[in-house]
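Quick note: the coordinates plus some simple rules give every number you see, no bench work behind them. If you're wondering where the values come from, they're calculated on a predicted model, not measured in any experiment. Neighbour counts run over all protein chains shown; Cβ positions are idealised from the backbone, glycine included.
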Amino acid sequence: MDFMGPSLHDILRQLPRESPPLPEATIRTAMWQLLTAARKMHASCIAHRDVKPQNVLVSEGYSVVKICGFGLAMSTDERPPHQPAGRLWYVAPKMLLEKPDYDTQVDIWSLGCVMAELINNGRPLFQGSHDQGAQLNAIFQVLGAPDNSTWPWFLSTAFATAVTPPQLADMQRENHLHELFPETKLSKEGFEVLSGLLTCNPDKRLMAAAALEHPWFAKIDALELPNTMEVLSPLPKRRRIHHIHAVCVT
């Protein structure tokens, strides 16, 4: 792998609080590069399983982003069951529900979380407290809890069956993603990509190749991420579901 500079996480953390949002053209170009990488990985039957800003490296010229940290990657040629893996805030709902037959679509969800974080200048979209149940609740508060029409087998999962009938009936069903990303913040076409990546049901989620065909990517500009950061000291490790250290391939 080519020598790269800081992680996307480090760059976003260095942005001043009062700094304006990143230009949509910058977000579009970064996502085009990341989805192109995902398309290549997935065509090779590789699921990364730990896509997050810490595992996205930025070139010294701030014009290229690359996915690194393949320590939790797996081959989708392997038969299930697959174990949960990855940083909690970026883990797809199917994995959080402990369904052992997930596939490369878990990476697409994580890329949707990365896109939302780029739009929000480094603020994660889904921040559950410390466990899978809390993370699912954080997701459903934004996207609405699935039902039989949106995700047929959801109500048969251990998570759903553990909820009492009154609690299940009271679960928030409306999708509030557009309220968080109105057209003043993200164009209509950009929102279509974001919502396609952040779809709870993996069968309805955009695949990398399909996302790249979206009109939002019709024009790709030069990547212009902020390039004024200084070298940071090592950051504390974050909680993972699966405690295997990710490594950067060099």
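Determine the pairs where a residue that is buried (at least 17 other Cβ atoms within 10 Å of the Cβ), located within the range 184-197, has a partner that is outside any helix (DSSP H, G or I) with Cβ atoms under 6 Å apart, the partner being 6 or more residues away or on another chain. From the range 184-197, the pairs are Phe191/Phe181; Val193/His214; Gly196/Leu206; Leu197/Leu206. Val51 meets the conditions (1) part of a helix (DSSP H, G or I); (2) within 13 Å of the chain's Cα centre (by Cα) in every case but one. The failed one is (1). Being touching a residue at least 60 places away in the same chain (Cβ under 8 Å) and assigned to a helix (DSSP H, G or I) is true of Gly112.
If the condition is being touching a helix residue (DSSP H, G or I) at 6+ places or on another chain (Cβ under 8 Å), closer than 29 Å to Thr29 by Cα and either hydrophobic (A, V, I, L, M, F, W, C) or part of a helix (DSSP H, G or I) (or both), then the range 74-105 contributes Ala85, Leu88, Trp89, Tyr90, Val91, Ala92, Pro93, Lys94, Met95, Gln105. Just wondering, is there one or more residues in the range 37-45 that are more than 21 Å from Gly196 (Cβ to Cβ) and of a type in the set (Lys, Arg)? For the range 37-45, residues more than 21 Å from Gly196 (Cβ to Cβ) and of a type in the set (Lys, Arg): absent. Filter the range 199-220 for residues that are in a helix (DSSP H, G or I) and not aromatic (Phe, Trp, Tyr); which is farthest from Leu97 (Cα to Cα)? Restricting to residues being in a helix (DSSP H, G or I) and not aromatic (Phe, Trp, Tyr), the top hit is Pro215.
Among the residues of the range 61-69, none qualifies, meaning not one is within 15 Å of the chain's Cα centre (by Cα), under 19 Å from Ala138 (Cβ atoms) and part of a loop (DSSP other than H, G, I, E, B). Scanning the range 44-65 for residues that are within 21 Å of Pro6 (Cα to Cα) and surrounded by fewer than 16 Cβ atoms within 10 Å (Cβ to Cβ) yields Glu60, Gly61, Ser63. For the range 181-198, does any single residue satisfy the condition of being in contact with a Pro (Cβ under 6 Å, 6 or more places away or on another chain) and in a helix (DSSP H, G or I)? Yes - at least one qualifying residue is present in the range 181-198.
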